[in-house]
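Worksheet for the structure shown next.
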Amino acid sequence: MRLHLLLLLALCGTGTTAAALIYSLRGNWSIWNGNGSLELPGAVPGCVHSALFQQGLIQDSYYRFNDLNYRWISLDNWTYSKEFKIPFEISKWQKVNLILEGVDTISKILFNEVTIGETDNMFNRYSFDITNVVRDVNSIELRFQSAVLYAAQQSKAHTRYPVPPDCPPLVQKGECHVNFVRKEQCSFSWDWGPSFPTQGIWKDVRIEAYNICHLNDFTFSPIYDKSAQAWNLEIEATFDVVSSKPVGGQVIVAIPKLQTQQMYNLELQPGKRIVELFLNISKNITVETWWPHGHGNQTGYNMTILFELDGGLNIEKSAKVYFRTVELIEEPIKGSPGLSFYFKINGFPIFLKGSNWIPADSFQDRVTSELLRLLLQSVVDANMNTLRVWGGGIYEQDEFYELCDELGIMVWQDFMFACALYPTDQSFLDSVRAEVAYQIKRLKSHPSIIIWSGNNENEEALMMNWYHISITDRPIYIKDYVTLYVKNIRELVLAGDKSRPFITSSPTNGAETVAEGWVSQNPNSNYFGDVHFYDYISDCWNWKVFPRARFASEYGYQSWPSFSTLEKVSSTEDWSFSSKFSLHRQHHEGGNKQMLYQAGLHFKLPESTDPLRTFKDTIYLTQVMQAQCVKTETEFYRRSRSEIVDQQGHTMGALYWQLNDIWQAPSWASLEYGGKWKMLHYFAQNFFAPLLPVGFENENTFYIYGVSDLHSDYSMTLTVRVHTWSSLEPVCSCVTEHLVMKGGEAVRLYEEPVSELLRRCGNCTRESCVVSFYLSADHELLSPTNYHFLSSLKEAVGLCKAQITAIISQQGDIFVFDLETSAVAPFVWLDVGSIPGRFSDNGFLMTEKTRTILFYPWEPTSKSELEQSFHVTSLTDIY
């Protein structure tokens with residue numbers, strides 16, 4: 001048997017005392033259900049669903065209709081139990097604690113048959129003193145209560161007034177009253193995810209034994225002193241002093257690469273003590289700052305902190321320190337009422353480009369380090385710099401934020417409240433306060449986190465009256481809202497973290513919301529703060545339907561995941577857009593019809609006599625529609641950054657909904673479950689490019705704007721080409737004079753009446769021609785090649801079926817696809833089935849006879865495997 005024992009010795013030397021002994025309780029536990037009819041082994045960290053699956057007692061929970069078939073698991077009350085022997089002499093230690101990093105969710109804890117405490121919050125860390133009950137041989141039991149039944153009980157006990165919503169829409173097939181339990185809110189279902197309210201020990205559990213004193217927490221915040229033009233570091237260490245006498249000593253803090261070392265004397269009184277240190281970094285030392293992806297390096301510095309205490313006790317901690325400033329700028333804008341809403345990083349205005357992050361799986365034990373890295377690498381590979389960690393999921397694991405620090409991904413961090421009103425009785429508030437204080441302490445040292453947000457859409461839900469609350473009752477709910485998010489959460493943020501801004505909600509009007517008493521009459525205003533915008537009925541090719549807002553933090557369109565992703569969780573009878581499975585998997589009311597409606601505005605819908613071919617073509621077309629819609633909307637936001645039109649504009653952020661999937665189903669995601677790129681993600685790689693030409697029409701005039709995220713100006717030329725759908729040779733091409741593209745701006749580069757463009761290009765009509773354009777300097781491409789359709793593609797004239805072939809070769813770990821087409825082909829889609837990896841580009845408009853595309857495999861594969869799995873589709877295949 002392997003002992004999970006860590007002996008923490010800071011420095012070994014004469015008279016050195018062990019700081020603490022830690023014994024991990026990870027590994028095998030016993031699990032049984034409420035009536036004892038099921039007993040099985042289960043892993044910790046883990047959950048009941050995973051244990052049942054690993055023992056072969058259930059199928060994959062995501063297979064077909066198993067979210068309904070396995071509802072009984074969440075409605076039962078399960079127990080986790082373990083017997084163990086502590087491999088050190090327990091009597092030699094003054095204090096012994098049981099630490100639970102994450103318990104999901106409602107449990108009573110017995111240690112050696114003595115009740116030592118309870119848990120009611122998935123997001124909190126729990127510590128229980130077991131000094132008086134621990135022995136050499138021990139038993140531990142966590143008796144869980146169904147979170148579903150607990151939530152119902154809590155709601156029923158709240159008799160003074162209802163706290164809506166009671167239940168999710170029927171189409172979501174979910175559970176009720178999730179707002180009464182501090183648990184992952186989407187685990188009771190969402191409009192893109194299943195209902196799997198898990199039970200289990202989802203994070204680390206361990207025993208800590210120590211003498212004299214113990215370092216419980218260690219955190220820090222870099223602060224830039226503008227007046228002194230120097231960096232400082234605020235360090236906070238929390239101790240549990242178990243000595244009966246004060247403990248003295250000294251602290252040495254060192255950052256070698258910054259030639260910085262400081263020593264402090266300290267004396268710790270018995271009990272819980274906080275040590276605050278202030279480290280000055282000489283202004284004569286050059287400190288390299290942390291920058292978001294695309295704006296600079298993510299430089300960090302190794303720091304050590306050594307506590308040399310009485311009794312030969314040495315405690316050492318090390319950490320990576322990053323230096324950066326963040327400001328949320330809300331100030332008047334000339335020519336527009338309201339206030340700006342944008343972020344400055346290290347004093348430089350940054351346009352936030354990215355998406356919204358949801359939990360990567362219903363079962364967190366399946367979210368591996370490899371999966372996290374793959375998903376987050378896909379973020380920066382698509383030229384994004386920001387993720388919003390959405391408030392209906394979880395505060396992500398440490399590794400998520402460490403990777404964001406490393407990759408330069410800014411994080412908009414919601415607190416975990418979403419699309420609901422919440423109770424404010426004292427026990428609920430006490431649990432929330434413990435959760436928030438813990439998460440601030442855990443996360444505040446990460447430079448990637450640039451803002452805290454109190455909740456997702458709850459201000460809008462309240463003020464736009466989603467739950468049909470009478471006007472006379474609204475003050476009760478407004479009071480509860482302010483109590484929770486302002487008097488509790490905001491108070492804790494301001495006390496615990498002064499290094500980044502806080503807003504109460506998203507969407508919100510920011511400073512205007514504060515001025516209106518913390519709730520705005522219209523939280524989704526275009527003149528303040530951020531907006532969430534969804535419109536599935538208006539034509540998404542018409543940019544005029546989109547809000548010219550200060551910041552778009554949610555917007556999007558649905559699509560279906562690829563057939564290779566769906567195939568793993570379905571059977572042959574499910575492979576139809578109208579099958580029971582397809583209807584069951586769609587959790588957004590009317591979602592499948594909305595996709596076909598939006599696609600039908602500009603494309604011919606599939607009409608194959610082969611049902612499977614029709615299903616695959618429909619999946620493809622939903623991805624084409626989604627990609628084109630989000631492209632149009634995102635390009636509108638990016639080109640609106642520098643101008644005010646009709647008193648609106650200066651948009652400084654575009655975060656589409658959503659980045660990733662929690663299971664295999666239709667959703668707004670650009671990454672499928674497991675990480676496969678949808679067409680939208682390939683489009684994002686282009687529409688989030690640091691330098692981008694954007695084409696659009698207004699009043700029958702064609703415009704091209706240049707959008708730059710760069711820090712400096714560039715001289716370049718714009719090339720505009722026109723092709724007919726029937727020819728691979730351009731009918732006309734023009735190159736502008738040298739243009740200076742201003743850094744950090746969006747400017748008009750080109751305009752021409754469409755009638756003039758068509759006349760200049762010979763026999764062109766709107767239906768027979770397509771426009772493409774790109775930016776270059778000295779014959780080197782500086783931007784992606786963008787395009788503009790002059791008509792709906794279902795009205796295209798001259799489009800004929802393209803025969804596209806590929807010759808695959810290998811260069812090291814990369815595969816080269818040399819493509820050749822017989823005709824112009826829109827939305828060329830290269831697919832290699834379930835082989836993990838991504839292409840350098842995909843879903844593209846092919847107007848040249850040949851094109852070379854690279855494939856980057858995520859796992860070892862061979863040329864023959866790729867050749868067997870490879871399939872290419874273009875829009876001409878379904879016309």
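Within region 601-640, the set of residues being under 21 Å from residue 800 (Cα atoms) and either among the aliphatic types (A, V, I, L, M) or not assigned by the TED database to the domain that holds residue 333 (or both) comprises 601, 605, 621, 624, 625. Would you mind listing the strands (runs of 3 or more DSSP E) fully within region 91-204 where at least 3 residues are open to solvent by less than 50 Å² (accessible area, probe 1.4 Å)? Counting at least 3 such residues, we get 95-100, 106-111, 114-119, 137-145, 188-190, 193-195. Quick one: how many residues across region 377-410 are among the aliphatic types (A, V, I, L, M), surrounded by 23 or more Cβ atoms within 10 Å (Cβ to Cβ) and under 24 Å from residue 691 (Cα atoms)? So the answer is 6.
Residues of region 254-296 that are closer than 22 Å to residue 218 by Cα, exposed (fewer than 13 other Cβ atoms within 10 Å of the Cβ) and among the basic types (Lys, Arg): 272 alone. Total residues in region 346-390 satisfying the condition of being among the aliphatic types (A, V, I, L, M) and in contact with a Lys or Arg (Cβ under 6 Å, 6 or more places away or on another chain): the figure is 1. The set of residues in region 695-713 that are in a strand (DSSP E or B) and either small (Gly, Ala, Ser) or not assigned by the TED database to the domain that holds residue 774 (or both) comprises 695, 706, 708. Evaluate the following for residue 437: is it in the same structural domain as residue 553 (by the TED database) and either touching a residue at least 60 places away in the same chain (Cβ under 8 Å) or in a strand (DSSP E or B) (or both)? Criteria not met by residue 437. Among the residues of region 687-697, the one identified as closer than 22 Å to residue 387 by Cβ and surrounded by fewer than 21 Cβ atoms within 10 Å (Cβ to Cβ) is 690.
Residues of region 34-49 that are in a loop (DSSP other than H, G, I, E, B) and crowded, with 18+ Cβ neighbours inside 10 Å: 45, 46, 47. Among the residues of region 361-373, none qualifies, meaning not one is charged (D, E, K, R), crowded, with 23+ Cβ neighbours inside 10 Å and farther than 30 Å from residue 253 by Cα.
Does region 149-166 contain at least one residue that is polar (S, T, N, Q), in contact with a helix residue (DSSP H, G or I) (Cβ under 9 Å, 6 or more places away or on another chain) and under 24 Å from residue 43 (Cα atoms)? Taking every residue of region 149-166 in turn, none turns out to be polar (S, T, N, Q), in contact with a helix residue (DSSP H, G or I) (Cβ under 9 Å, 6 or more places away or on another chain) and under 24 Å from residue 43 (Cα atoms).
Examine region 791-803 for a residue that is hydroxyl-bearing (Ser, Thr, Tyr), modelled with pLDDT of 95 or more, under 19 Å from residue 852 (Cβ atoms) and open to solvent by less than 60 Å² (accessible area, probe 1.4 Å), and state whether such a residue exists.
No, region 791-803 contains no residue that is hydroxyl-bearing (Ser, Thr, Tyr), modelled with pLDDT of 95 or more, under 19 Å from residue 852 (Cβ atoms) and open to solvent by less than 60 Å² (accessible area, probe 1.4 Å).
Checking residue 233 against (1) hydrophobic (A, V, I, L, M, F, W, C); (2) in a loop (DSSP other than H, G, I, E, B); (3) surrounded by 14 or more Cβ atoms within 10 Å (Cβ to Cβ), only one condition comes out false. Which one? Among (1) hydrophobic (A, V, I, L, M, F, W, C); (2) in a loop (DSSP other than H, G, I, E, B); (3) surrounded by 14 or more Cβ atoms within 10 Å (Cβ to Cβ), residue 233 violates only (2).
Under the condition of being open to solvent by less than 40 Å² (accessible area, probe 1.4 Å) and either in contact with a strand residue (DSSP E or B) (Cβ under 6 Å, 6 or more places away or on another chain) or assigned to a helix (DSSP H, G or I) (or both), the residues counted in region 863-879 number 6. Could you please give the count of residues in region 599-639 that are touching a strand residue (DSSP E or B) at 6+ places or on another chain (Cβ under 7 Å) and closer than 17 Å to residue 689 by Cβ? Qualifying residue count for the region: 7. Apart from one condition, residue 551 fits all of (1) open to solvent by 20 Å² or more (accessible area, probe 1.4 Å); (2) closer than 18 Å to residue 354 by Cα; the exception is (1). On inspection, residue 638 passes the criterion of being farther than 28 Å from residue 371 by Cα and under 24 Å from the mean Cα position of the chain (by Cα). Tallying residues that are on the phi > 0 side of the Ramachandran plot and touching a residue at least 60 places away in the same chain (Cβ under 8 Å) within region 329-353 yields 2.
If you go through region 589-597 one residue at a time, do you hit one that is within 30 Å of residue 531 (Cα to Cα) and hydrophobic (A, V, I, L, M, F, W, C)? Checked region 589-597: at least one residue is within 30 Å of residue 531 (Cα to Cα) and hydrophobic (A, V, I, L, M, F, W, C). In region 809-862, of all residues being in a strand (DSSP E or B) and among the hydroxyl-bearing types (Ser, Thr, Tyr), the one that is least open to solvent (accessible area, probe 1.4 Å) corresponds to 821. Of all residue pairs spaced 6 or more apart or on separate chains, those with beta-carbon atoms under 7 Å, a first member in region 728-756 that is closer than 30 Å to residue 348 by Cα and part of a strand (DSSP E or B) and a second member that is of a type in the set (Phe, Trp, Tyr) and open to solvent by less than 60 Å² (accessible area, probe 1.4 Å) are 746/705; 747/705; 748/703; 748/705; 749/705; 750/703.
The values are calculated or read from the model by the stated rules, or taken from the named source; none is laboratory data. Just so it is clear, the model here is predicted, and its values are computed rather than measured. In this analysis, Cβ positions are derived from the backbone assuming ideal geometry, glycine residues included, and neighbour counts consider all displayed protein chains. These area figures cover heavy atoms from the full protein model, side chains too; ligands, DNA and RNA do not enter into them. Shrake-Rupley method; radii C 1.70, N 1.55, O 1.52, S 1.80 Å.
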